[in-house]
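The values are calculated or read from the model by the stated rules, or taken from the named source; none is laboratory data. This is a predicted model, so every value here is computed, not measured. Virtual Cβ from ideal backbone geometry, glycine too; neighbours counted across all protein chains shown. We work out accessible area using only protein heavy atoms, side chains counted, and drop any ligands, DNA or RNA first. Shrake-Rupley method; radii C 1.70, N 1.55, O 1.52, S 1.80 Å.
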Amino acid sequence: MSETAPTASATESASSGISERSADVIVVGAGPAGSTTAYHLAKSGLDVLLLEKTAFPREKVCGDGLTPRATKQLVAMGIDISEEAGWLRNRGLRIMAGGLRLELDWPDLAAYPNYGLVRKRDDFDDQLARQAQKAGARLYERCNVGAPIVDDRTGRITGVEAKLGEEKTPVTFHAPLVVAADGNSTRLSLAMGLHRREDRPMGVAVRTYFTSPRHEDDYLESWLELWDRRGAEDRLLPGYGWIFGMGDGTSNVGLGVLNTSSSFKELDWREILKAWCASMPEEWGYTPDNMTGPIRGAALPMAFNRQPHYTRGLLLVGDAGGMVNPFNGEGIAYAMESGQIAADVIVQAQSRATPAQREMALRRYPQVLKDVYGGYYTLGRAFVKLIGNPKVMKLATERGLTHPMLMRFTLKLLANLTDPTGGDAMDRIINALTKVAPRA
Ligand SMILES: Cc1cc2nc3c(=O)[nH]c(=O)nc-3n(C[C@H](O)[C@H](O)[C@H](O)COP(=O)(O)OP(=O)(O)OC[C@H]3O[C@@H](n4cnc5c(N)ncnc54)[C@H](O)[C@@H]3O)c2cc1C
């Protein structure tokens, strides 16, 4: 399907004389960030165009692991996350390091559920896009967005150019506000002059699938030992490997590493993944014969590596705004949360009477993001620098696991799972730290 059938709202707009190719808001990219933004905007009654380069269902390179933060966002979108609907639940994180194995349950909190989920992204992203469509967003698939349309006089974005369908028909879409949800490469932000901040951490992650008896698991499993064995001395890399049972006869096996290690640019991550898999117990079946697809990888843009998040009619959400958590490489929850925040800011701005008042409301968006994540990401940047030192990483993996209390604290910190008010002593320490850290 190159262009989805117009929804009720599209037909209404057409009959009321508004071109089907203009709207209140254009959202570019229907990954988790874009579909969540479009869903919340449409639910609030705005006319939204959701433009997606690919056609669903489509593959997306990912670990497919969802923490309680992401689970909460799915609930907020009214997605049926029951086991009957095919969702595999997990109760926490299993950490493997230094020959030790520790199972830590997700914390019991008022603010978040105490379980996570696993779902392959081809189906996950499809469901989110359909949910946005059901809420009234007009989804165009196979719609490859190119250059922004910019008003020469004001410098504001007023729409986008795109190639639509298999025929790649040139089309233009118009709206006073555009949301860049086009992922890490975010051509749209680049075309609007928003470049990547080099002073922010970046990760890289690779993954593949194997048919395996380890396809069902109550825990997301992470291995804190990834080795660079090229030199005279083995070096522990800042990152982790994961094994997530998919519940469908396969495991998602991958690794993510930070650019704070000196070997970051020199290493071949596919080879490291292969070597790691070869060191696994034979009965798990992580052999080339059991691979169900190639090893694929992508970058993880972290800690607000693209700013400002609002300029001249353009808002950045998800990977486009560099919102991956530097502590654990999680990106889906932050993509969805930033989508919800952006939608809320836009809806409030739209209700203002004058352009100046609307602009004032929109300029709040970067500050709201900083208030929510700024302090936490600053701590994350310090953490990333620390574990970039192989000695610190070694000490943490060797000693940390023997202190269950410390590990419970670490889980809350790394997964960003605390109650914002009240909570236990650990929550209060983490919340206090994120409050005092600069919100940059
Ligand atoms: C190997 C790997 C494993 C990962 N594992 C996890 C994990 O287990 N859990 C987790 O939470 N996060 C994980 N992440 C991070 C997560 O995948 C991202 O943070 C998340 O996908 C960001 O969502 P997004 O909507 O911002 O961007 P994306 O998911 O990248 O979506 C962007 C969308 O925009 C579309 N698009 C791009 N350009 C255009 C264009 N020009 N016109 C129209 N559409 C366009 C794309 O087709 C895509 O659909 C992992 C990442 C990698 C690389």
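Is one or more of the residues making up the range 60-81 at pLDDT 95 or above and more than 24 Å from the chain's Cα centre (by Cα)? Spell out the reasoning first.
Going residue by residue through the range 60-81, those that are at pLDDT 95 or above are 60-81.
Those left that are additionally more than 24 Å from the chain's Cα centre (by Cα): none.
There is no residue in the range 60-81 that is at pLDDT 95 or above and more than 24 Å from the chain's Cα centre (by Cα).
Test each condition in (1) touching a strand residue (DSSP E or B) at 6+ places or on another chain (Cβ under 8 Å); (2) away from the ligand (no atom under 11 Å from the Cβ); (3) at pLDDT 95 or above for Leu109 and report the one that comes out false.
Every listed condition holds for Leu109 apart from (1).
Of all residues in the range 116-147, which are touching a helix residue (DSSP H, G or I) at 6+ places or on another chain (Cβ under 9 Å), of a type in the set (D, E, K, R), over 26 Å from Leu190 (Cα atoms) and assigned to a helix (DSSP H, G or I)?
Arg130, Lys134
Here are Thr158, Thr172: which of them is touching a residue at least 24 places away in the same chain (Cβ under 8 Å) and buried (at least 17 other Cβ atoms within 10 Å of the Cβ)?
Values: Thr172 fails: buried (at least 17 other Cβ atoms within 10 Å of the Cβ).
Result: Thr158 is the single residue among Thr158, Thr172 that is touching a residue at least 24 places away in the same chain (Cβ under 8 Å) and buried (at least 17 other Cβ atoms within 10 Å of the Cβ).
Hey, Ser189 hits all of (1) more than 11 Å from the ligand (Cβ to nearest atom); (2) crowded, with 17+ Cβ neighbours inside 10 Å but one; which does it fall short on?
Every condition holds for Ser189 apart from (1).
Take the residues in the range 338-362 that are within 23 Å of the chain's Cα centre (by Cα) and open to solvent by 20 Å² or more (accessible area, probe 1.4 Å); name whichever of them is farthest from the ligand (Cβ to nearest atom). Write out each step before concluding.
Kept after step one, since they are within 23 Å of the chain's Cα centre (by Cα), are these residues of the range 338-362: 338-347, 362.
With open to solvent by 20 Å² or more (accessible area, probe 1.4 Å) added as a condition, the list becomes 340-341, 344, 347.
Details: Gln340: 13, Ile341: 13, Asp344: 17, Val347: 20 Å.
This residue is Val347.
Scan the range 296-336 residue by residue and report those that are open to solvent by 20 Å² or more (accessible area, probe 1.4 Å) and more than 9 Å from the ligand (Cβ to nearest atom).
Gln307, Pro308, Thr311, Arg312
Taking into account only those residues within the range 280-295 that are within 13 Å of the ligand (Cβ to nearest atom) and not hydrophobic (A, V, I, L, M, F, W, C), which is farthest from Trp269 (Cα to Cα)? Please lay out each step first, then the result.
Filtering the range 280-295 for residues within 13 Å of the ligand (Cβ to nearest atom) gives 293-295.
Filter once more, so that each one left must be not hydrophobic (A, V, I, L, M, F, W, C): 293-294.
Working: Gly293: 16, Pro294: 13 Å.
Only one residue fits best here, namely Gly293.
Of everything in the range 29-85, what is of a type in the set (A, V, I, L, M, F, W, C), assigned to a loop (DSSP other than H, G, I, E, B) and more than 11 Å from the ligand (Cβ to nearest atom)? Give them in sequence order.
First pass over the range 29-85, keeping only residues of a type in the set (A, V, I, L, M, F, W, C): 30, 33, 38, 41-42, 46, 48-51, 55-56, 61-62, 66, 70, 74-77, 79, 81, 85.
Restricting the remaining residues to those that are assigned to a loop (DSSP other than H, G, I, E, B) gives 30, 46, 55-56, 61-62, 77, 79, 81, 85.
Matches in the range 29-85: Leu46, Met77, Ile79, Ile81, Ala85.
Is there a residue being surrounded by 14 or more Cβ atoms within 10 Å (Cβ to Cβ), closer than 21 Å to Asp47 by Cα and away from the ligand (no atom under 15 Å from the Cβ) anywhere in the range 161-168?
No, because not a single residue in the range 161-168 is surrounded by 14 or more Cβ atoms within 10 Å (Cβ to Cβ), closer than 21 Å to Asp47 by Cα and away from the ligand (no atom under 15 Å from the Cβ).
In the set Glu221, Glu225, which member is over 18 Å from the mean Cα position of the chain (by Cα) and part of a loop (DSSP other than H, G, I, E, B)?
On the way: Glu221 fails: part of a loop (DSSP other than H, G, I, E, B).
Going through Glu221, Glu225 in turn, just one is over 18 Å from the mean Cα position of the chain (by Cα) and part of a loop (DSSP other than H, G, I, E, B): Glu225.
For Arg138, state whether it is at pLDDT 95 or above and open to solvent by 50 Å² or more (accessible area, probe 1.4 Å).
Values: at pLDDT 95 or above: yes; open to solvent by 50 Å² or more (accessible area, probe 1.4 Å): no.
Judged against the criteria, Arg138 is not a match.
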